[in-house]
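Scroll down for the structure; my scribbles are underneath it.
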Amino acid sequence: MRNIKKLGANAARKNVRVSAAKMRRIIDRIRNCSYEEALVLPEFMPYRACYSVSQLVLSAAADASTNLGLNKSDLFISEAWVDNSTYLRRFRPRAQGRGYPIRRPTCKVTIQPNSKSVKK
């Protein structure tokens with residue numbers, strides 16, 4: 001788990017109702033891509049979690065342009081990671097009055113864009 005607090009733009013989403021492994025296969029595809037490519041790639045992937053990733057990319061770009069004054073066309077996804085989060089726990093009735101736990105995984109996703117142009 002990363003406890004590093006960096007200055008700059010980022011977007012994070014907690015308790016996404018998708019397993020971390022399923023989210024990582026999307027995040028690995030958009031890491032080090034440009035902003036435009038990171039928006040287009042999830043639209044053509046057949047996964048349910050792609051919508052959440054697209055919303056995070058939009059949010060991170062809006063954060064970078066609003067707070068840091070960066071141009072959206074110069075952005076690329078410099079860092080993106082997924083961490084495991086808590087399990088959503090449910091119980092299923094089983095034989096002889098017993099309960100069987102169902103663990104539904106959740107994850108935390110963080111995206112940090114950066115600018116291609118270096119300001120001096």
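The values are calculated or read from the model by the stated rules, or taken from the named source; none is laboratory data. Predicted, not measured: the structure shown is a model, and the values here were computed from it. Ideal geometry is used to build each Cβ from the backbone, glycine not excepted, and the neighbour counts take in all protein chains shown. In case anyone asks, the SASA skips ligands and DNA or RNA and just uses the protein heavy atoms, side chains included. Shrake-Rupley method; radii C 1.70, N 1.55, O 1.52, S 1.80 Å.
Specify which of the listed residues (ALA9, ALA80, ALA61) is surrounded by 11 or more Cβ atoms within 10 Å (Cβ to Cβ), assigned to a loop (DSSP other than H, G, I, E, B), touching a residue at least 24 places away in the same chain (Cβ under 8 Å) and among the aliphatic types (A, V, I, L, M).
After applying the criteria, what remains is ALA9.
Take LEU70 and tell me if it is open to solvent by less than 70 Å² (accessible area, probe 1.4 Å), at pLDDT below 95, more than 17 Å from the chain's Cα centre (by Cα) and under 16 Å from MET23 (Cβ atoms). No; evaluated as a whole, the condition is false for this residue.
In the range 83-120, of all residues being assigned to a loop (DSSP other than H, G, I, E, B) and not polar (S, T, N, Q), the one that is modelled with the lowest pLDDT corresponds to LYS120. Tell me, which residue of the range 83-104 that is in contact with a Pro (Cβ under 8 Å, 6 or more places away or on another chain) and more than 27 Å from LYS14 (Cβ to Cβ) is least open to solvent (accessible area, probe 1.4 Å)? Out of the qualifying residues, it is GLY99.
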